[in-house]
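All remarks here apply to the structure that follows.
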Amino acid sequence: MTTELPLENTPPQKSGKKWIWILLLAVIVVVAVGGMVTWQQVRQGKILAAVDEACREAVTDWAKYPGGVSFPRELEFNRVEGDRDTWKSEGVVDFPNGWGTPVRQDFTCSVLLDGTEVLFPIASVTSRNED
């Protein structure tokens, strides 16, 4: 019976610990990036919700009968170029007249934010030019 003797020139076995640390680091990076993206999307959603609510309220303030005000289309907002805290929207709104009949009018709305807090909403409503 023979017993194998270790050879002195045999290179040491590489352990898998190095790959575990690399894998752990990669997982941490992926989770961190995913967290940042999710946080940015949640923040953007809060901003748009605050702007939407402020704009609807500012436009509704123009109504003589606010209970019947309706927006026939979803409001779309654009950030004012060069100013990251001001958002604008344009569209149409239906105001009820004294008989409850909706009268369509145009509106423009600007909302100034501080982070996700509304500082100053302003709206302008004009009659439609029906030719």
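Throughout, read-outs are computed from the coordinates displayed, never taken from laboratory work. Because the structure is a prediction, the values reported are computed rather than measured. Cβ atoms come from the backbone with ideal geometry, glycine included; neighbour counts cover every protein chain shown.
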Point to revise | Sorted by Cβ neighbour density within 10 Å, fewest at the top, the residues 57, 117 | key: 117, 57
Check your understanding: Counting pairs of alpha carbon atoms under 8 Å apart in space and at least six apart in sequence, what relative contact order in percent does the chain give?
Key -> 20
Review point. Per the helix-only calculation at 222 nm, which mean residue ellipticity applies to the chain, given -39500 (n - 2.57) for every DSSP H run of n ≥ 4 and division by its residues, nearest 500 deg cm²/dmol?
Key: -12500 deg cm²/dmol
Review point. If packing is taken as the mean number of other Cβ atoms within 10 Å per residue, what is the order of 43-50, 76-83, highest first?
Key: 43-50, 76-83
Point to revise | Long-range HN-HN contacts of residue 91 with modeled amide H, under 5 Å | key: 107
